[in-house]
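Engineer: If you scroll down you'll find the structure; I have some questions about it.
Coordinate-derived values only; no laboratory data. These numbers come from a predicted model, not from an experiment. So basically every Cβ, Gly included, is an ideal-geometry build from the backbone, and we count neighbours across all protein chains shown.
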């Protein structure tokens, strides 16, 4: 009788344990779903000053002769002084968070 009760107790314990593990498996999203969430809401990469310089030189076909960093309203702005082929000097501003050039 004692052997039957011990085996029944062990069977119940195993069933509860297996049920708990199965419940956890259903609670956690599969690893592919986590990656999909990140793809749906990507964070824009922050531009380095080197990336901003290369982007501006390519866009304006001019050489950056001075680069400075400013903060406006909590945003990082790169101020680039540029020299074009005709000898004109002009400045552009690049938002580090989204790459917008003004």
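Engineer: Quick one, can you get me the convex hull of the C-alpha atoms of the stretch 49-95 expressed as volume per residue in Å³?
Structural biologist: 57 Å³
Engineer: How far apart, in nm, are two points set 7 Å out from the Cα along the Cα-to-Cβ line at residue 72 and at residue 49?
Structural biologist: If labels sit at residue 72 and residue 49, their model points lie 1.8 nm apart.
Engineer: Exposure proxy check: 90, 60 ranked by fewest other beta carbons within 10 Å?
Structural biologist: Ascending number of Cβ neighbours within 10 Å: 90, 60.
Engineer: What FRET efficiency comes out for the pair residue 58/residue 97, r = Cβ-Cβ distance, R0 = 22 Å, nearest 0.05?
Structural biologist: After rounding, the FRET efficiency stands at 0.65.
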